[in-house]
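The values are calculated or read from the model by the stated rules, or taken from the named source; none is laboratory data. In this text the structure is predicted, and so the values were computed from the model without any measurement. Every residue, glycine among them, receives a Cβ derived from its backbone with ideal geometry; neighbour counts consider all protein chains shown. Each accessible area value is taken on the protein alone, full model and side chains, heavy atoms only, with ligands, DNA and RNA left out. Shrake-Rupley method; radii C 1.70, N 1.55, O 1.52, S 1.80 Å.
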Amino acid sequence: MLAGIAGQPVTHSLSPVIHNAWLEAGDIDGAYMPFAPNDAAGFDALVTAGRAGLVQGLNVTAPFKEQAFALADEASQAAQATGSANILVFDNGRVLADSSDGVGVLYALAEQAPALNLKGAVVVMLGAGGAARAGAGALIEAGAQIRILNRSRDRAEALAADLGPAVSVADETALAEADLVINALSVQPSIDLSVLKPNAVVMDMTYKPVVTPFLAAARARGLTTVDGLAMLIGQAAPSFTALYRRPPPPMDLRALLLAHLGEAA
């Protein structure tokens with residue numbers, strides 16, 4: 001049973017560490033490997049290989065999440081809600097799309113910011129790509145109001161139009177009312193954390209390093225922080241279940257991943 005993760009770049013991904021550890025712990029005959037298509041055409045060829053039965057499933061990361069959704073024959077409600085997918089399952093020539101990114105966001109928030117009530121919360125999302133799209137979808141379902149803050153206003157407006165009335169385009173003045181700020185950019189943001197409320201929560205979807213400069217600055221302000229490693233762990237279990245058609249064996253993933261990264265966060 002061969003599955004893997006597709007992205008560009010993908011060498012940084014911890015998903016192979018997670019899934020291969022689960023395969024070994026469960027004594028499951030399978031493998032999980034990284035795939036790095038050069039471009040959209042390369043990703044399309046990889047999906048064609050999946051349709052042919054050469055790969056039984058893929059996790060998908062940037063920049064292919066929206067393309068993954070577009071190539072699917074059938075999509076889950078979570079994937080449909082955001083127009084992106086981080087899971088593709090191949091079944092007798094058909095492509096089934098799902099998204100567990102939103103599950104990962106909610107898992108991470110529940111674990112590391114349990115006092116945060118998302119119902120009615122104002123969430124400032126930094127970025128308007130696939131990760132922002134998937135995370136916003138889950139937060140909207142939880143009752144939050146999303147403010148998209150992105151360098152390209154056109155891209156932010158397109159995302160807001162897709163996701164509906166709970167989402168609007170914002171500028172940095174929205175930070176002052178934020179209950180939660182999420183960095184969904186592939187780079188570290190440069191925003192003024194001093195304007196945030198004392199009880200605001202700051203999350204970074206990046207997990208290398210676990211404590212990013214963005215989170216370190218938030219911690220220095222005494223704010224509650226949520227790291228991308230918790231999100232990765234939260235979305236991994238539904239991914240494994242979809243790809244290998246069985247739940248993963250129990251394991252302390254955070255300890256495993258911190259040891260792999262050589263960190264103690």
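Filtered by the rule that a residue be closer than 18 Å to A236 by Cβ, open to solvent by 60 Å² or more (accessible area, probe 1.4 Å) and either hydrophobic (A, V, I, L, M, F, W, C) or in a loop (DSSP other than H, G, I, E, B) (or both), the stretch 26-46 gives a lone residue, M33.
The C-beta contact set for the stretch 141-155 (first residue under 16 Å from D171 (Cβ atoms), second residue of a type in the set (S, T, Y), distance under 6 angstrom, 6+ apart or interchain) comprises R147/S168.
Checking each residue in the stretch 203-229 for being crowded, with 23+ Cβ neighbours inside 10 Å and among the aliphatic types (A, V, I, L, M) picks out M203, M205, L215, A218, V226, L229. Evaluation of A255 against the conditions (1) closer than 21 Å to A184 by Cα; (2) loosely packed, with under 13 Cβ neighbours inside 10 Å shows that the sole unmet condition is (1). For the stretch 131-157, the set of residues classified as surrounded by 15 or more Cβ atoms within 10 Å (Cβ to Cβ) and among the small types (G, A, S) consists of A131, A132, A134, G135, A136, G137, A138, A142, A144, A156, listed by residue number. Looking across G120, G50, one residue alone is out of contact with any Ser or Thr (no Cβ under 7 Å at 6 or more places or on another chain), touching a residue at least 24 places away in the same chain (Cβ under 8 Å) and within 18 Å of E141 (Cβ to Cβ). It is G120. Of all residues in the stretch 245-259, those that are under 24 Å from D29 (Cα atoms) have Cβ atoms under 8 Å from Cβ atoms of residues that are in a loop (DSSP other than H, G, I, E, B) and not hydrophobic (A, V, I, L, M, F, W, C), 6 or more apart or on another chain, in R246/G26; P248/G26; P249/G26. Say whether the condition of being open to solvent by 60 Å² or more (accessible area, probe 1.4 Å), closer than 18 Å to I87 by Cβ, among the polar types (S, T, N, Q) and part of a helix (DSSP H, G or I) is met by at least one residue in the stretch 47-60. Yes, because at least one residue in the stretch 47-60 is open to solvent by 60 Å² or more (accessible area, probe 1.4 Å), closer than 18 Å to I87 by Cβ, among the polar types (S, T, N, Q) and part of a helix (DSSP H, G or I).
Checked against (1) modelled with pLDDT under 90; (2) open to solvent by 30 Å² or more (accessible area, probe 1.4 Å), Q112 meets all criteria but (1). Considering the stretch 180-200, and only residues there that are within 19 Å of A138 (Cα to Cα) and open to solvent by 10 Å² or more (accessible area, probe 1.4 Å), the residue that is modelled with the highest pLDDT turns out to be A184. Restricting the stretch 145-159 to residues that are within 14 Å of L126 (Cβ to Cβ) and small (G, A, S), the residue that is modelled with the highest pLDDT is A156. If the condition is being modelled with pLDDT of 95 or more and either over 22 Å from the mean Cα position of the chain (by Cα) or more than 23 Å from A131 (Cβ to Cβ) (or both), then the stretch 1-21 contributes L2, N20, A21.
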